[in-house]
1. Looking at B:Ile263, B:Ile275, B:Ile271, which one is closer than 26 Å to B:Ala341 by Cβ, β-branched (Val, Ile, Thr) and assigned by TED's automatic domain parsing to the domain that holds B:Glu13?
2. Which ones in the stretch B:19-39 are of a type in the set (Ser, Thr, Tyr) and within 14 Å of chain A (Cβ to nearest Cβ)?
3. Among A:Ile409, A:Ile323, A:Ile418, which is open to solvent by 10 Å² or more (accessible area, probe 1.4 Å) and hydrophobic (A, V, I, L, M, F, W, C)?
4. Any idea which of A:Ser183, A:Ser140, A:Ser148 is touching a residue at least 24 places away in the same chain (Cβ under 8 Å), under 26 Å from A:Gln386 (Cα atoms), open to solvent by 20 Å² or more (accessible area, probe 1.4 Å) and in the same structural domain as A:Lys42 (by TED's automatic domain parsing)?
5. How about the stretch B:142-242: which helices (runs of 4 or more DSSP H) wholly inside it have at least 1 residues that are touching a Leu at 6+ places or on another chain (Cβ under 8 Å) and at pLDDT below 80?
6. Among the listed residues B:Arg42, B:Arg49, B:Arg89, identify the single one that is closer than 30 Å to B:Trp241 by Cβ and either more than 14 Å from chain A (Cβ to nearest Cβ) or crowded, with 16+ Cβ neighbours inside 10 Å (or both).
7. Going by what's in this entry, would A:Pro355 be described as farther than 25 Å from A:Leu480 by Cβ and modelled with pLDDT of 90 or more?
8. So which strands (runs of 3 or more DSSP E) stay within the stretch A:4-77 end to end and still have 2 or more residues that are under 25 Å from the mean Cα position of the chain (by Cα)?
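The values are calculated or read from the model by the stated rules, or taken from the named source; none is laboratory data. The structure displayed is predicted, hence computed values, not measured ones. So basically every Cβ, Gly included, is an ideal-geometry build from the backbone, and we count neighbours across all protein chains shown. To get the accessible areas, we keep the full protein, side chains included, count just its heavy atoms, and leave off ligands, DNA and RNA. Shrake-Rupley method; radii C 1.70, N 1.55, O 1.52, S 1.80 Å.
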Amino acid sequence: MAGLEVRDVTVSYKKKVAIRKVSFDAKAGEIIGMIGADGAGKSSLMHAVAGVLRFEGEVSYGGRVYRSPKEAEALKTEFGLMPQGIGLVLYETLTVAEHLDFFAHIRSLRQDAAFRDYRQKLLHMAGLSDFADRQAGKLSGGMMQKLSLICTLLHRPKLLILDEPTTGVDPLSRLELWDILDSIRKEEGTIALVSTAYMQEAAKMDRILLFDEGEIIAMGTGETLIDSVREYTFEAGKCPEKSSSDTACFSFDKRSYSLDPLPSPHVEPTLEALFFVNALRKKRTLPRLEIEARESKTEIPETVMEARGLTKRFGDFTANDHIDMRLKGGEIVGLLGANGAGKTTFIKMLLGLYPIDEGGLTLLGKSIRSSDDRQALKAKIGYVSQHFALYKDMTVRENLIYFANMHRIPLSTAIKRINRYARELGFNDYMDHSPNELPLGINQRFSVAAALLHEPVVLFLDEPTSGVDTIARAQFWEMLHRLKASWGISILITTHYMSEAEYCDRVVLMRQGRKIADDTVEALYAGHPDAKNFEDIFLSYYRSET
Amino acid sequence: MNLSVVKAYMLKEFTELLRTKMIIMVYLLPSMILLLFGYGIRMEVTHARTLVIDNDQSHFSRMLTAKFEHSKYFDTTVTQMSEAEALHRIKQAKTDIIVIIPASFEKRLLHGQKSEIGVFVDGAFPNRGMTMENYVQGVVLNAAQSVAGSLGSHGGLISINSRNLFNQAMRDENAIVPGLIGLVLLVAPAILSALMIVKEKERGTIFNFYASPLSRSEFLAAKLIPAFLLHSLNIFILFLWATEVFDVPFRGSFSLYWFAAEIYILISLSIGMLISVITSRQIVAVVLTIIITIIPGFLYSGILMPISSMAGGSYIEAHLFPVMYFNHIVYDCFLAGKGLASAKTAEYLGILILYAVILLLLGTALLKKELK
């Protein structure tokens with residue numbers, strides 16, 4: 001049986017080593033999950049195995065050995081690579097059908113009846129049969145990823161390499177992607193290497209490799225990996241305040257992690273525990289976040305934002321259909337929904353980045369009718385966009401000073417605040433680096449700092465945690481909660497991580513431009529007694545409506 | 001090379017060029033450069049604003065004034081203003097030339113005495129000033145012969161009978177437009193080929209090439225052939241602009257012009273390809289291509305000055321860039337028409353072909369099928 005053997009593979013770039021002497025193997029039909037923080041080396045390893053990146057060491061596939069992209073050339077007919085990034089390998093102006101034709105042609109596939117059946121089957125599995133004539137640039141993120149996957153599957157690869165195919169994709173699309181993958185490997189005996197940021201997904205893989213700083217630090221089935229951290233996982237409780245500095249603990253997602261026993265009872269860990277336990281072992285504990293009260297005295301209004309029947313249309317497509325929503329002072333509201341459900345459009349309307357087509361909006365007690373109405377409110381609103389609008393050629397410090405200037409904050413005050421946030425939000429060590437040298441988690445924190453410089457009353461965050469690793473996300477939420485506690489700030493946040501919904505005071509669910517649920521997390525759980533986690537609740541809403 | 005693979009990839013390229021409306025740039029840019037520069041660059045001077053101060057008001061002075069008035073090179077105004085006032089007008093840039101005829105002009109000439117005419121020329125732009133000065137001298141010389149004739153003397157024994165070869169009319173268009181074709185066909189195809197490759201790098205779709213069995217030559221063929229075909233049409237479009245709009249004569253062989261231009265496009269495409277090897281952002285690729293092609297394309301095009309009058313470094317540089325060789329052929333085709341019978345033209349065509357082969361091979365060798 002054709003298997004994959006990776007022997008002592010090292011990938012090094014000019015400055016750093018991405019992957020150091022990594023070895024593993026895989027059998028036909030096996031799905032290998034790869035998890036790890038960003039920058040841990042997963043992508044580099046996948047690129048090396050796919051034969052698109054130079055490496056040291058050797059890889060053997062089906063008994064044929066290659067040590068360089070050149071030697072892998074002959075095997076590429078059997079490989080399929082889907083690199084990281086939504087719609088990365090798609091051509092915006094080509095339609096779905098044209099993509100399939102293109103990939104069939106450049107792979108020299110014989111377009112016989114069997115191929116046409118398979119093509120039809122893939123289109124159907126991806127739910128794209130009705131969209132064959134739509135251009136890729138006009139698909140939602142989830143659809144783009146499904147199209148990318150079926151384009152990669154078109155030549156029936158025997159070795160499938162998928163680099164975070166589900167990042168930034170909604171839970172429903174994630175399940176659909178997984179179903180396609182699972183049925184293909186069963187039928188075709190495909191070896192699949194899949195990296196993922198979603199631990200529920202990793203748990204479904206046959207075997208999991210845990211990456212950390214360029215090495216595989218743990219390998220095994222989900223069961224065995226979870227067993228290895230069971231003794232360090234406790235029911236969520238307050239982490240004991242430590243006097244000595246070498247012990248610490250993390251709390252995230254209803255659990256606490258500590259190498260030393262905690263007073264609370266043990267609970268069943270998830271794969272996320274691996275990251276926390278590893279960080280604890282490597283003493284990579286994070287500085288405790290302390291956020292002082294805001295400098296300026298601000299009245300927190302009872303209702304920060306109220307939308308009544310907000311509607312946005314793009315041509316004949318209704319992106320937001322009469323949305324009502326209320327954001328109270330000091331409240332965190334999570335805005336959830338599939339890709340293309342209209343979350344970003346809604347936030348952009350609130351901010352005045354899109355004109356409102358219909359409906360009324362009251363921000364901080366003021367009814368918004370024109371852009372002049374907003375001007376006075378800008379000083380009270382903070383916004384972090386999906387892609388962190390940072391200037392890549394300026395250091396973190398310069399970026400922050402620039403944002404402070406935009407808000408006309410006096411320089412002395414700005415510098416004082418920047419230094420304070422750098423300390424409090426834990427990016428003090430990175431102040432003189434440029435954003436593209438830094439992990440996503442750090443960029444995300446200092447993007448929030450930039451949005452906080454003018455001490456706003458309300459914060460709009462659009463998918464701030466996509467692609468950010470577990471520990472950084474845990475820290476991020478802790479930061480938001482502390483902000484809320486000490487500043488009384490209101491936050492409207494969108495996310496694709498359903499577990500994060502539980503950190504919100506209230507959750508609003510959107511689907512195809514309409515609001516389909518709006519309630520507290522407790523009430524939603526009460527309404528869905530069968531749900532094990534929030535993902536189940538989300539899916540039940542989505543399924544019942546289709 | 002698998003031709004059906006190349007065909008499929010090319011189809012994708014054409015579809016993208018059409019749908020992203022890049023095709024507009026492919027045809028707009030070359031014609032725009034030709035029209036803008038073709039109308040914009042003027043070496044000759046016409047309609048120089050001329051003030052003639054006639055202090056004599058005699059038969060001879062009016063004869064001289066009439067010569068100015070009847071020339072297309074001068075827009076003549078005859079006045080009686082003072083010299084100081086006239087000089088003031090030159091300072092205000094309201095006039096270009098002042099001609100002052102002294103009061104005793106006719107009387108002195110009739111007495112066989114020497115008479116001086118005062119001429120002031122605005123020399124702010126040295127080239128233009130010099131040209132205007134020459135024109136004025138020409139007119140005055142011409143008038144002097146007429147005067148001599150009317151006096152019955154033999155003052156006009158020697159007359160200059162000069163003739164400009166190849167560009168008899170001394171038309172600017174004839175000198176500039178063919179050179180512009182050499183500039184345009186160097187810049188535009190290079191930008192297109194650089195963009196077509198770098199776009200895939202920037203977007204990430206280059207992975208489709210890296211991770212598939214597609215060979216490097218297939219990839220390059222799929223990129224370069226569409227660009228080559230699209231720009232081949234520009235050879236004809238530019239030819240029509242030159243001959244129909246700018247009325248440049250075409251005396252040579254069209255097939256030589258066409259063949260040399262196709263080779264030249266290949267060179268330009270290869271330059272774009274080489275740029276795409278070292279860049280990964282579209283904007284950088286465009287700026288770099290423009291710098292690398294426009295500056296030498298303009299300097300060594302022969303528009304500003306003939307290569308033969310260059311010396312030292314610039315002479316060597318001119319010979320390193322392909323513009324000079326192509327423009328020699330183009331000027332020959334448009335103005336001289338000797339074609340391959342001229343050894344130099346044949347030699348330059350050979351150099352162009354060699355250039356194309358070397359650059360194509362270099363680009364193919366440097367293009368890597370792996371991530372950097």
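1. B:Ile263
2. B:Thr20 - this is the single residue of the stretch B:19-39 that is of a type in the set (Ser, Thr, Tyr) and within 14 Å of chain A (Cβ to nearest Cβ).
3. A:Ile409
4. Exactly one residue qualifies, and that residue is A:Ser140.
5. none
6. Details: B:Arg49 fails: closer than 30 Å to B:Trp241 by Cβ; B:Arg89 fails: closer than 30 Å to B:Trp241 by Cβ.
Result of the check over B:Arg42, B:Arg49, B:Arg89: B:Arg42.
7. Details: farther than 25 Å from A:Leu480 by Cβ: yes; modelled with pLDDT of 90 or more: no.
In short, no.
8. A:17-26, A:31-36
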